[in-house]
Amino acid sequence: MSSSTAAAMGVAQMQGLPKQRTLLGDAARRFARNKLALFGLFLVSALVLTALLADFIAPYPYDAANPTRALQFPSSEHWMGTDEVGRDVYSRIVYGTRISLAVGLGVMAIALVIGIPLGLLAGLAGGPIDYIIMRLVEVFTAVPALMLALLLISVFGGGLFNVILALGIVAWLDTCRLLRAQLLSLRERDFVLAARTLGASGTRIALHHLLPNAIAPLIVAVTIGIPVAIFAEAGLSFLGLGVNDPIPSWGKMVGNALSYMRVYWHLGVFPTLAIAITMLGFTFLGDGLRDAFDTSMNR
Amino acid sequence: MARYLLGRLGGILVVFFIVSVVVFLLMHAIPGGPYNEDKVPLSAEAKANYMRKYGLDRPLVEQYLLYMGNALRGDFGVPFQSPTETVTGLIARTWPVSASLGLAALLVALPLGLLLGMVAASRQNTWIDYTASTISTLGLTVPNFVVAVWLVLLFAVQFKWLPTGGWGQWHHYIMPVAALALAPMALTARYTRTSILEVSRSDYIRTARSKGLSDRQIMLRHTLRNAMIPLLTILAPQIPNLITGTIFIESIFRVPGLGKFFVTSILGRDYPMIMALLLLVAVVWSLVYLITDILYVVVDPRVRLGKSKT
């Protein structure tokens with residue numbers, strides 16, 4: 001072995017050794033090893049694509065009623081059959097992806113807009129402010145979520161936007177509680193003490209040290225909250241209290257199917273499958289993200 | 001202990017007072033009232049009579065105080081949607097139906113979930129474990145009304161083994177209980193597995209093993225008892241939801257339970273019923289949490305109520 005190759009190997013080794021590892025890089029590596037999480041990512045990507053390309057994927061408009069072709073079983077013309085007024089079930093399910101994703105994302109956005117400031121305030125200010133915010137959370141928790149959402153929808157009126165608003169007002173509780181708990185535990189860590197010793201101001205510690213460390217759990221909570229919101233909208237629409245008619249909500253399709261399902265099984269099967277697949281996709285993705293970011297759990 | 005319980009009860013009363021005020025205001029903020037023309041065709045005079053009869057023409061503060069005063073004396077008023085009976089009577093008639101469904105679901109879910117979790121934990125990372133995990137993930141994520149629709153399609157429409165719905169005979173219980181039990185069962189299984197795996201790494205299990213106890217003895221006497229503690233926290237919040245009735249399951253299987261009144265009372269602006277249902281749920285929640293806290297002390301001698309922090 002010549003000295004030059006030995007030197008080259010030494011350099012290669014040295015380059016290999018101090019490879020920088022970041023939280024995000026580690027998380028991505030753990031995520032990529034998790035088959036279920038990748039499957040979830042695949043399902044969610046497929047849903048997002050379906051929602052974006054609905055105009056090209058759906059063979060018919062979602063609201064094209066045709067009474068002469070009502071209640072047809074699945075055929076080559078209507079892959080998932082037609083409903084009680086002759087609308088193509090497949091097209092309605094494709095467009096329904098948009099509604100479900102809009103609800104999931106919209107509700108979580110509202111939950112974050114209300115939950116993050118209140119959670120920050122409760123977790124950082126402490127004292128009477130914390131006490132008041134937590135009692136507020138407790139009061140909201142004591143009312144059943146469905147009833148609170150219904151009360152709010154009754155006050156605001158129905159429609160997609162108001163349903164999202166009502167569900168968002170119900171959903172901020174978890175965001176607020178989670179962020180507060182994160183901050184309370186982070187506040188006691190050594191790196192915060194170190195920052196304080198170095199003379200960092202309270203605002204600087206909050207924004208540069210505490211919040212970045214609380215972001216990963218928040219992302220996970222949002223991913224897990226999305227299917228919960230989608231489920232809630234489906235439930236409300238199932239009861240006939242969610243979005244209004246021509247808009248294709250999967251929950252509404254299931255609700256309408258109840259009276260026809262005993263003969264026309266396709267009306268029950270396909271929308272429920274769509275709901276189940278969406279819930280599974282987001283849950284796998286959320287669980288995968290949680291495991292990827294969770295450094296305490298060594299698998 | 002007694003001081004702790006009193007403090008907790010006081011806290012519950014305060015929260016309930018605020019909840020009742022908030023809901024009372026929110027409920028009256030809903031546009032429209034119980035006797036609007038689109039709901040009941042009434043002459044203006046008859047409407048005014050009804051409004052006077054139920055005190056709806058008085059200021060809100062007075063209405064609230066009147067309601068709470070009556071409620072404290074056990075009079076919860078008359079449901080507007082069913083004026084021939086009292087709110088108490090209506091709840092006494094329909095709640096047992098919902099509660100029996102919920103309790104049956106719990107009785108099915110708990111042992112099955114424990115078994116599934118124990119089997120999965122003792123065969124960690126084998127196909128048995130993966131099957132159990134898949135079942136519990138499905139049970140946790142697929143909404144119960146979706147499961148209910150599939151059960152109807154499969155067992156009532158396809159095989160015709162069971163009636164599509166109804167109430168009164170034992171076989172009417174099977175599908176609603178199955179649909180209701182799936183999620184708590186999955187939850188129990190998942191947490192039993194995790195906490196058994198966690199507990200089995202602890203020192204006292206190693207001690208038990210090194211003194212020569214059999215796997216079975218270790219599981220039953222040491223692991224399971226300690227693994228049950230986190231399970232209490234997870235399962236407790238499920239109980240109020242299960243026993244106060246779920247509108248989805250009850251409407252799919254045509255069960256005459258309490259569930260539908262959570263919706264109809266809000267849609268019909270049935271103020272006495274809304275208040276009564278909220279009171280009921282709040283009381284059930286508080287009781288369940290209180291009992292859970294007391295159970296902790298029973299199950300785990302390391303916990304002392306009211307001593308560590310107040």
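The values are calculated or read from the model by the stated rules, or taken from the named source; none is laboratory data. Quick caveat: nothing in here was measured; it's all calculated off a predicted structure. Positions of Cβ are generated from backbone atoms using ideal geometry, with glycine treated the same way; all protein chains shown enter the neighbour counts.
Before moving on, here are some points about what is shown:
- Of the residues making up segment B:91-134, those that are among the polar types (S, T, N, Q) and part of a helix (DSSP H, G or I) are B:Thr94, B:Ser98, B:Ser100, B:Ser122, B:Thr131, B:Ser133, B:Thr134.
- Any hit, segment A:271-282, residues being more than 10 Å from chain B (Cβ to nearest Cβ) and closer than 16 Å to A:Leu105 by Cβ: no
- Lone qualifier among B:Trp167, B:Trp127, B:Trp161, B:Trp150 - being farther than 14 Å from B:Ala227 by Cα and in contact with a Pro (Cβ under 7 Å, 6 or more places away or on another chain): B:Trp167
- Qualifying helices (runs of 4 or more DSSP H) (wholly inside segment A:41-142; at least 1 residues being under 30 Å from A:Met261 (Cβ atoms)): A:54-57, A:89-125
Yes or no, residue by residue, for (1) among the acidic types (Asp, Glu); (2) surrounded by fewer than 17 Cβ atoms within 10 Å (Cβ to Cβ); (3) within 13 Å of another protein chain (Cβ to nearest Cβ); (4) farther than 24 Å from B:Pro256 by Cβ:
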{"site": "B:Gly139", "(1), (2), (3), (4)": "no, no, yes, yes"}
{"site": "B:Pro143", "(1), (2), (3), (4)": "no, no, yes, no"}
{"site": "B:Val147", "(1), (2), (3), (4)": "no, no, yes, no"}
{"site": "B:Lys160", "(1), (2), (3), (4)": "no, yes, yes, no"}
{"site": "B:Trp167", "(1), (2), (3), (4)": "no, yes, no, no"}
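- Pairs with Cβ under 8 Å, 6+ apart, first in segment A:258-277 and buried (at least 22 other Cβ atoms within 10 Å of the Cβ), second outside any helix (DSSP H, G or I) and charged (D, E, K, R): A:Leu267/A:Asp83; A:Leu267/A:Glu84
- A:Ile169 vs. criteria more than 24 Å from A:Gly96 (Cα to Cα), without any contact (Cβ under 8 Å) to a residue 60 or more places away in the chain and in a helix (DSSP H, G or I): no
- Hits in segment B:28-43 - residues which are at pLDDT 75 or above and small (Gly, Ala, Ser): B:Ala29
- Of all residue pairs spaced 6 or more apart or on separate chains, those with beta-carbon atoms under 8 Å, a first member in segment B:285-299 that is part of a helix (DSSP H, G or I) and a second member that is of a type in the set (Lys, Arg) are B:Leu290/B:Arg8; B:Asp293/B:Arg8; B:Val297/B:Arg304; B:Val299/B:Arg225.
- The set of residues in segment A:224-234 that are modelled with pLDDT of 85 or more and either acidic (Asp, Glu) or touching a helix residue (DSSP H, G or I) at 6+ places or on another chain (Cβ under 6 Å) (or both) comprises A:Gly225, A:Ile226, A:Pro227, A:Ala229, A:Ile230, A:Ala232, A:Glu233, A:Ala234.
- Among the residues of segment A:185-207, those that are polar (S, T, N, Q), in a helix (DSSP H, G or I) and either closer than 21 Å to A:Ile116 by Cβ or at pLDDT below 85 (or both) comprise A:Ser185, A:Thr203.
- Enumeration of residues in segment A:239-258 that are part of a loop (DSSP other than H, G, I, E, B), away from chain B (no Cβ under 11 Å) and of a type outside the set (Asp, Glu): A:Gly242, A:Val243, A:Asn244, A:Pro246, A:Ile247, A:Pro248, A:Ser249
- Among the residues listed as B:Val23, B:Val14, B:Val19, the single one being surrounded by fewer than 14 Cβ atoms within 10 Å (Cβ to Cβ), under 21 Å from A:Pro144 (Cα atoms) and in contact with a helix residue (DSSP H, G or I) (Cβ under 9 Å, 6 or more places away or on another chain): B:Val14
- Considering residues of segment B:272-292 that are away from chain A (no Cβ under 11 Å) and either at positive phi or of a type in the set (Val, Ile, Thr) (or both) only, the residue surrounded by the most Cβ atoms within 10 Å (Cβ to Cβ): B:Val288
- Wholly within segment B:182-271, helices (runs of 4 or more DSSP H) carrying at least 2 residues that are away from chain A (no Cβ under 14 Å) and of a type in the set (A, V, I, L, M): B:203-210, B:224-235
- Of all the numbered requirements in (1) surrounded by fewer than 16 Cβ atoms within 10 Å (Cβ to Cβ); (2) more than 14 Å from every other protein chain (Cβ to nearest Cβ); (3) aliphatic (A, V, I, L, M), B:Val87 misses one, and that requirement is (1).
- Test result for A:Thr223, closer than 30 Å to A:Leu186 by Cα and within 12 Å of another protein chain (Cβ to nearest Cβ): no
- Residues in segment B:130-171 that are more than 19 Å from A:Pro271 (Cβ to Cβ) and touching a residue at least 12 places away in the same chain (Cβ under 8 Å): B:Ala132, B:Ser133, B:Ile135, B:Ser136, B:Thr137, B:Gly139, B:Leu140, B:Phe155, B:Leu162, B:Gly165, B:Gly166, B:Trp167.
- Qualifying position, being of a type in the set (Ser, Thr, Tyr) and assigned to a loop (DSSP other than H, G, I, E, B), among B:Thr84, B:Thr137: B:Thr84
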